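**Student:** Before anything else, here's the structure in question.
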């Protein structure tokens, strides 16, 4: 998405402030929970490829509406359509990768490495688009980057049409829709291990979304030059690939590795509160996003290990739904605090959430 690195600049040009940015984030955060679990169940019962095609169409529509926006209201509509994209894609991609690994190897051991390769490709594409988007915005206008995103989203549709999705989720006997929904909800609410992992994934996604959504406000507050936004965003999205790469190579079943990550997770956000140095703030956001990427992939593998393929996308989408339900009030509060007291004070919410996540277990039942 070429427009992402300069999104905040474009938003301020059409009338956004910190509070309305929080309102916009809450708007698309309200859309996602309504659709995420139903579309996850639809992906399990119908076609995960079909859901991913629909998600790309939604991404194209969001970019088009965003480019046409001249006011806060229409841009919020674009954000809500982007929420449809998030709802459709959440839980589906990782379910496809997990089932592909399971079909091809008979085990989930290679899941973290396989999803890591997917995330590396995604992060390279995002980093490249961030750099290109920043240059295009500087040479032309921020609005043009929205329109240029549309054809790339439509190319994704063509790529998905050529993809042969795994059939493991269809191997089990088809049940009635009511039974399928009940089974999915029961898996999310009755198994303590699954409940714990859903909470970990939800908080991980909440923090990650906060960094990506509100992180640029620190740059605005520190009066960073417009040219800095492209490299900053490229660095931030690069953590998705690097984190995925490390998740497949670190021995995350060892307790000391998880403890080390938890310490970094709890300590890093303090720099967002106390530092007024731009490189330090950027480094803190980068490290935080990196740790969250590693933990998110590992917790995702453990969650997939604990549920059947026939309900995998639905359960995974349920974790995403919970994260968006948390993000909705969180975004409103952090936006209001940032407007009233500044983003540094609002950063205490990030500190508190990271500290809570740091004490939650993210390990197999038997840790060496």
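**Student:** Of the residues 75, 98, 111, which is within 24 Å of residue 144 (Cβ to Cβ) and in contact with a helix residue (DSSP H, G or I) (Cβ under 7 Å, 6 or more places away or on another chain)?
**Tutor:** Exactly one of 75, 98, 111 is within 24 Å of residue 144 (Cβ to Cβ) and in contact with a helix residue (DSSP H, G or I) (Cβ under 7 Å, 6 or more places away or on another chain), namely 75.
**Student:** Are any of the residues in region 317-337 part of a helix (DSSP H, G or I) and free of Cβ contacts under 8 Å to residues at least 24 places away in the same chain? Full working, then the answer.
**Tutor:** Quick first cut of region 317-337, residues part of a helix (DSSP H, G or I) only: 317-337.
Now drop any that are not free of Cβ contacts under 8 Å to residues at least 24 places away in the same chain, which leaves 337.
Among the residues of region 317-337, at least one is part of a helix (DSSP H, G or I) and free of Cβ contacts under 8 Å to residues at least 24 places away in the same chain, which makes the answer yes.
**Student:** What's the number of the condition residue 328 fails, among (1) over 27 Å from residue 229 (Cα atoms); (2) in contact with a helix residue (DSSP H, G or I) (Cβ under 6 Å, 6 or more places away or on another chain)?
**Tutor:** If we test residue 328 against (1) over 27 Å from residue 229 (Cα atoms); (2) in contact with a helix residue (DSSP H, G or I) (Cβ under 6 Å, 6 or more places away or on another chain), just (1) comes out false.
**Student:** If I filter region 244-253 for residues that are closer than 30 Å to residue 220 by Cα and surrounded by fewer than 21 Cβ atoms within 10 Å (Cβ to Cβ), do I get at least one hit?
**Tutor:** Residues of region 244-253 closer than 30 Å to residue 220 by Cα: 244.
Those still in the list that are surrounded by fewer than 21 Cβ atoms within 10 Å (Cβ to Cβ) too: none.
Looking for residues that are closer than 30 Å to residue 220 by Cα and surrounded by fewer than 21 Cβ atoms within 10 Å (Cβ to Cβ), one finds none in region 244-253, hence no.
**Student:** Could you identify the single residue in 252, 292, 265, 272 that is in contact with a helix residue (DSSP H, G or I) (Cβ under 6 Å, 6 or more places away or on another chain) and outside any helix (DSSP H, G or I)? Can you show your working first?
**Tutor:** Working: 292 fails: outside any helix (DSSP H, G or I); 265 fails: outside any helix (DSSP H, G or I); 272 fails: outside any helix (DSSP H, G or I).
Just a single option satisfies the conditions, and that option is 252.
**Student:** What are the pairs, 6+ residues apart or on separate chains, where a residue within region 71-83 that is within 14 Å of residue 10 (Cα to Cα) has its Cβ under 6 Å from a residue that is surrounded by fewer than 23 Cβ atoms within 10 Å (Cβ to Cβ) and modelled with pLDDT of 90 or more?
**Tutor:** Between residues of region 71-83 that are within 14 Å of residue 10 (Cα to Cα) and residues that are surrounded by fewer than 23 Cβ atoms within 10 Å (Cβ to Cβ) and modelled with pLDDT of 90 or more, the close pairs are 78/65.
**Student:** Same structure, new question: Name the residue that is farthest from residue 40 (Cα to Cα), counting only residues in region 109-138 that are over 19 Å from the mean Cα position of the chain (by Cα) and crowded, with 22+ Cβ neighbours inside 10 Å. Walk me through it before giving the result.
**Tutor:** Looking only at region 109-138, we keep the residues that are over 19 Å from the mean Cα position of the chain (by Cα), and these are 109-110, 131-138.
Among the residues that remain, those that are also crowded, with 22+ Cβ neighbours inside 10 Å are: 133-134, 137.
Values: 133: 32, 134: 34, 137: 36 Å.
Among them, the one singled out is 137.
**Student:** Let me ask something else about it. Out of 278, 295, 288, 270, report the one residue that is at pLDDT 85 or above, surrounded by 24 or more Cβ atoms within 10 Å (Cβ to Cβ) and under 20 Å from residue 347 (Cα atoms).
**Tutor:** Numbers: 278 fails: surrounded by 24 or more Cβ atoms within 10 Å (Cβ to Cβ); 295 fails: under 20 Å from residue 347 (Cα atoms); 270 fails: surrounded by 24 or more Cβ atoms within 10 Å (Cβ to Cβ).
The conditions single out 288.
Listed here are the residues, each with its yes/no results for (1) within 23 Å of the chain's Cα centre (by Cα); (2) surrounded by 20 or more Cβ atoms within 10 Å (Cβ to Cβ); (3) modelled with pLDDT of 85 or more; (4) not in a helix (DSSP H, G or I).
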| residue | (1), (2), (3), (4) |
| --- | --- |
| 147 | yes, no, yes, no |
| 151 | yes, no, yes, no |
| 172 | no, no, no, yes |
| 184 | yes, yes, no, no |
| 206 | yes, yes, yes, no |
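**Student:** Here is a further query. Could you check, for region 129-143, whether at least one of its residues is at pLDDT 85 or above and either outside any helix (DSSP H, G or I) or under 30 Å from residue 253 (Cα atoms) (or both)?
**Tutor:** First, pick out the residues of region 129-143 that are at pLDDT 85 or above: none.
No: region 129-143 contains no residue that is at pLDDT 85 or above and either outside any helix (DSSP H, G or I) or under 30 Å from residue 253 (Cα atoms) (or both).
**Student:** Right, here's the next one. With the condition kept exactly as written, say whether any residue in region 328-338 is modelled with pLDDT of 80 or more, more than 21 Å from the chain's Cα centre (by Cα), more than 14 Å from residue 204 (Cα to Cα) and crowded, with 24+ Cβ neighbours inside 10 Å.
**Tutor:** yes
**Student:** Do we have residue 366 as surrounded by fewer than 20 Cβ atoms within 10 Å (Cβ to Cβ) and modelled with pLDDT under 85 here?
**Tutor:** Answer is yes for this residue.
The values are calculated or read from the model by the stated rules, or taken from the named source; none is laboratory data. Because the structure is a prediction, the values reported are computed rather than measured. So basically every Cβ, Gly included, is an ideal-geometry build from the backbone, and we count neighbours across all protein chains shown.
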